[in-house]
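Below is one structure, written out as structure tokens, with a few remarks after it.
Every number in this text was worked out from the coordinates using simple rules, so none of it is lab data. Just so you know, these numbers come straight off a predicted model, no measurement behind them. Here Cβ is always computed from backbone atoms with ideal geometry, including for glycine, and neighbour counts include all displayed protein chains.
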Amino acid sequence: MLDPYVESVLIFTCINIVLALSLYLPVSAGLLSLGQGGFMAIGGYASAYLTTELHWPYALAIACGGALAGIVGVLVGIPSLRIKGVYLIIMTMGFGEIVRVFFLNFEPTGAASGLGGIPADTTLPIVALVAALALLLCFQIRNSRIGRAVAAVREDELAAEVIGINLTRIKVAMFSLGAAVAGIGGGLFAHYATFIDPGQFGFHRSAEIFIMVVLGGMGSFYGAAVGACVVTILPELLRLGDAQEWRMTAFGVLLIVIMIVRPSGIVGVRQ
């Protein structure tokens, strides 16, 4: 019974919450990534191809798309252990561009023309359920033995290794888990948009996800969810004003003000 516009905004908000949590997972282990758009593309294209060409069930296609993104995340995460800081960001940024160019030239998924005719199976209850499950996953990880190991790795790798924590296993696990969650988010997006093309998964998508996490607070999974809500809903609220053409400028100014007032994120200080 919701207004279609409101329903659309809520669906995109839930999808963005899933994507923001996909970046929070590797960030929680000290791995900054700007390649979530690439993992999102892998999950979106894989699930869309399975439903449109092979007529797989929606839920199974989404799960397979997430699993494929997670496998690729393992392959990317292993070499990422050798580099840190800005070099890791550059590497993941390059990975995202490689994925975009790959699908730009991959004929089975439409290449530059994109892939259309995707079943519109993503609904508000489904994305709300997936977002809730992603939040529950992050909550369970944070309060578990693995979560404490992840926090130790983020704070001091040398001290964590000395007390017996396997750095390789923890980092690769969190990186690949984040990739799998991003792949699921990509599948949800594809089956709501019903048409995808490589341009939708470029650097701007990864940067947008990064902004969500930084804005909400990099040390908190619920901060990432809050950041996703702000980045998704705030531009739509500004659209309702008289100066609609200035809404993105106003949005950028508000982001700057928020980061000046709360440099650790909206809920980062509390965490």
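Please grab the % of Cα pairs in the stretch 111-217 that end up more than 18 Å from each other.
Of the Cα pairs, 63 percent sit more than 18 Å apart.
Within the chain, what's the longest run with no trypsin sites (Lys or Arg not before Pro) in a DSSP loop and at most 16 other beta-carbon atoms within 10 Å? Give the range, please.
The longest such stretch corresponds to 85-269.
Computed FRET efficiency, Cβ-Cβ of I260 and L240, R0 35 Å: what is it to the nearest 0.05?
Calculated transfer efficiency: 0.85.
Please compute the Kirkwood hydrodynamic radius over the chain, one decimal place, Å, based on all pairs of different Cα atoms.
18.8
Could you calculate the contour length gain from I163 to L129, that is, 0.36 nm times the residue separation minus the distance between their Cα atoms, to one decimal place in nm?
Contour length minus the Cα-Cα distance gives 8.5 nm.
Quick one: if the Förster radius is 35 Å, what FRET efficiency do K84 and A112 give, using the C-beta to C-beta distance and rounding to 0.05?
E(calc), rounded to 0.05, equals 0.50.
Per DSSP helix of 4 or more residues, -39500 (n - 2.57); summed, then divided by the residues of the chain. What does that give at 222 nm, rounded to the nearest 500?
-24500 deg cm²/dmol
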